[in-house]
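Visitor: I am attaching a structure below and will ask some questions about it afterwards.
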Amino acid sequence: MARYLGGLLTADESQVLPSDNYENTSGNAVFTSDEQYLLNISNRWPTPGNAAPRGVFAGGYGGSGISNVMDYINIASTGNAVDFGDLLGSAGYQLAAAASTTRGVFFGGQDSSDTSTNVIQYITIASTGNGSDFGDLTVARHQGAACSSTTRGCFGGGFASSFGARFNVIDYVTIASEGNATDFGDLVSAGRYISATSSTTRGVWGGGDNSSGTVVNTMQYVTIASTGNTTDFGDLLSTQYQMANGVCSSGTRGLFLGGNSSPTNVIQYITIASTGNATDFGDLLSTSYQNEATSSSTRGIEGAGFQGGLSNVIQYVTIASLGNATDFGDLTVSRYAGSACSNAQGGLS
């Protein structure tokens with residue numbers, strides 16, 4: 001009868017154990033202290049403040065034009081995405097994303113008139129709703145990539161339609177407070193269609209095409225808490241651009257997914273704390289480029305892009321172990337050239 005004290009349950013209700021330690025996990029029962037202890041040591045006791053890892057996919061280009069749609073998923077589970085809200089205006093194409101544990105921030109992009117924007121916008125990841133104005137970039141551009149620590153987001157590279165030029169500019173913002181971006185330093189060379197990943201301290205950009213239009217295999221990094229120009233990190237497995245846009249890392253390992261230098265399904269990884277060349281991780285379900293990626297500290301998530309055609313497919317890997325991707329579910333809209341972020345990627349550990 002101990003389970004039914006206080007009228008919380010009736011005798012004909014079944015006990016439901018919590019499945020994980022996230023604060024929004026419910027367990028339909030009254031537990032003894034011994035039961036709570038056993039659930040706790042098995043990482044299945046809900047903990048206040050431990051929010052479920054949520055990934056948000058934003059923007060891109062769909063079958064009928066530029067999309068301002070945002071979708072979200074619970075990274076710890078599998079299933080189809082749910083509508084989150086809409087980005088501001090129509091500048092949802094080839095933007096970049098970074099995040100803290102509470103906020104997602106989207107940098108730049110291109111609007112329906114093919115004009116690059118300097119707009120930065122943000123969302124509160126734990127809720128749903130439309131984007132809000134954050135501030136402005138130092139230079140309007142799209143086709144760049146962003147990385148982040150818990151406090152700071154950095155946006156590097158890109159292309160400005162008004163100038164017809166690639167940029168080497170890195171801007172940064174303090175994610176918790178709205179305002180205009182500040183100059184951080186420069187990439188080794190100007191580049192667009194670049195990808196980025198990060199740990200809690202270090203941001204790494206890889207691939208892209210440079211100021212002469214040559215696709216490169218170089219990686220470069222910064223210490224996010226400081227300012228300054230990038231330093232050489234190592235090389236990707238091959239020259240590559242249009243890899244997944246969005247931070248995908250465990251905090252220890254960073255992943256680069258797919259690409260369009262001869263469309264590929266290859267996933268490659270680096271150990272972010274040490275410099276060196278990328279290593280083969282496994283394969284996506286199909287070739288994929290202009291796709292989106294994000295992660296928790298344990299799972300890497302990839303979605304959208306061109307996967308043998310315009311795609312809404314979401315897939316995942318376990319970052320700590322090498323291997324091929326597994327189907328996760330579907331986005332609400334098929335699209336490419338958006339970006340993604342989460343409240344739990346490895347740069348926030």
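The values are calculated or read from the model by the stated rules, or taken from the named source; none is laboratory data. Quick caveat, the model's predicted, so the values are computed rather than measured. Cβ coordinates were reconstructed from backbone atoms using ideal geometry, including for glycine residues, and neighbour counts include every protein chain displayed. These area figures cover heavy atoms from the full protein model, side chains too; ligands, DNA and RNA do not enter into them. Shrake-Rupley method; radii C 1.70, N 1.55, O 1.52, S 1.80 Å.
Visitor: Inside segment 190-261, counting only strands (runs of 3 or more DSSP E) that do not spill past its ends, which hold 1 or more residues that are farther than 16 Å from SER339 by Cα?
Guide: In segment 190-261, the matching strands (runs of 3 or more DSSP E) lie at 202-206, 218-223, 231-235, 253-257.
Visitor: Can you tell me which of ALA344, ALA293, ALA278 is under 19 Å from THR201 (Cβ atoms) and open to solvent by less than 30 Å² (accessible area, probe 1.4 Å)?
Guide: ALA344
Visitor: How do the pairs read when you match residues in segment 66-89 that are closer than 23 Å to ARG299 by Cβ and free of Cβ contacts under 8 Å to residues at least 40 places away in the same chain with residues anywhere that are aromatic (Phe, Trp, Tyr) and in a loop (DSSP other than H, G, I, E, B), using Cβ under 9 Å and keeping only pairs 6 or more apart or on different chains?
Guide: Partner pairs satisfying both residue conditions: ASN74/TYR22.
Visitor: Still on this model: Go through (1) of a type outside the set (D, E, K, R); (2) in contact with an Asp or Glu (Cβ under 7 Å, 6 or more places away or on another chain); (3) in contact (Cβ under 8 Å) with a residue 60 or more places away in the chain; (4) open to solvent by less than 30 Å² (accessible area, probe 1.4 Å) for ALA145 and report which single condition fails.
Guide: It is condition (2) that ALA145 fails.
Visitor: Pull up segment 78-109, narrow it to residues that are farther than 18 Å from ALA181 by Cα and of a type in the set (S, T, N, Q), then point me to the one that is surrounded by the most Cβ atoms within 10 Å (Cβ to Cβ).
Guide: Applying the filter and picking the extreme gives GLN94.
Visitor: Taking LEU322, is it buried (at least 24 other Cβ atoms within 10 Å of the Cβ), out of contact with any Leu (no Cβ under 7 Å at 6 or more places or on another chain) and either more than 27 Å from SER90 (Cβ to Cβ) or of a type in the set (Asp, Glu) (or both)?
Guide: no
Visitor: Next question. Given the conditions (1) within 22 Å of the chain's Cα centre (by Cα); (2) open to solvent by 50 Å² or more (accessible area, probe 1.4 Å); (3) within 14 Å of ASP235 (Cα to Cα), report the number of the one that THR201 does not fulfil.
Guide: (3)
Visitor: Filter segment 161-175 down to residues that are in a loop (DSSP other than H, G, I, E, B), in contact with a strand residue (DSSP E or B) (Cβ under 7 Å, 6 or more places away or on another chain) and either open to solvent by 10 Å² or more (accessible area, probe 1.4 Å) or not β-branched (Val, Ile, Thr) (or both), then give me how many there are.
Guide: Going through segment 161-175 one residue at a time, the tally reaches 4.
Visitor: Please identify the pairs in which a residue from segment 240-256 that is of a type in the set (Phe, Trp, Tyr) has its Cβ atom under 6 Å from the Cβ atom of a residue that is in a strand (DSSP E or B), counting only partners at least 6 apart or on another chain.
Guide: As it stands, the answer is TYR241/ASP209; TYR241/VAL215; PHE256/SER195; PHE256/GLY206; PHE256/GLN268, since those pairs meet every condition given.
Visitor: Residues of segment 252-262 being modelled with pLDDT of 95 or more and surrounded by fewer than 24 Cβ atoms within 10 Å (Cβ to Cβ), which ones?
Guide: THR252, ARG253, ASN260
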